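Next up is a structure, given as structure tokens.
Since every read-out is calculated from the coordinates, none of them should be taken as a lab result. What you see is a predicted model; the values in this text were computed from it and never measured. Cβ coordinates were reconstructed from backbone atoms using ideal geometry, including for glycine residues, and neighbour counts include every protein chain displayed.
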Amino acid sequence: MTADITMQKEGGGTRYRAPVRHKSDADRSKHEEMGFHGGWGTWLARRL
């Protein structure tokens, strides 16, 4: 997978953007099944 992560100051915080591209639908599905999206959101929320 490839991620293009950007962060930009906004008001009193930071705007965070991380679009991700996978080589195939199968790779994307595998990451979904592993809980990647929810895990990433949990990790990020703990750092805010």
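Pairing the Cα long axis of helix 36-47 with the longest principal axis of the chain, what angle in degrees results, from 0 to 90 and rounded to the nearest 10?
On a 0 to 90 degree scale, this one is about 20.
Here's a follow-up. For a quick check of your reading of the filter: which trypsin sites (Lys or Arg not before Pro) in the chain sit in a DSSP loop and have no more than 11 other Cβ atoms within 10 Å? Don't skip to the answer; put the middle values down first.
Numbers: sites: Lys9, Arg15, Arg17, Arg21, Lys23, Arg28, Lys30, Arg46, Arg47; in loops: Lys23.
Of the trypsin sites (Lys or Arg not before Pro), the ones in loops of the chain whose Cβ has at most 11 other Cβ atoms within 10 Å are Lys23.
Lys/Arg Cβ at +1, Asp/Glu Cβ at -1, dipole of the chain taken about the Cα centre: which of Gly39, Met7, Ser24 is farthest positive-ward?
Checked the options; the winner is Met7.
If you take the alpha carbon radius of gyration of the range 2-47 and divide it by 2.2 N^0.38 Å, what ratio comes out, to two decimals?
On the way: Rg = 12.9 Å, N = 46, 2.2 N^0.38 = 9.4 Å.
The range 2-47 yields a ratio of 1.37.
Shifting gears a bit: Can you tell me how much longer the chain between His37 and Gln8 gets when fully stretched, taken as 0.36 nm per residue apart minus their C-alpha distance, in nm with one decimal?
8.3 nm
Could you size up the charge dipole of the range 2-47 around its Cα centre, putting +1 on the beta carbon of Lys and Arg and -1 on that of Asp and Glu, and report it in debye to the nearest 20?
Approximately 220 debye in magnitude.
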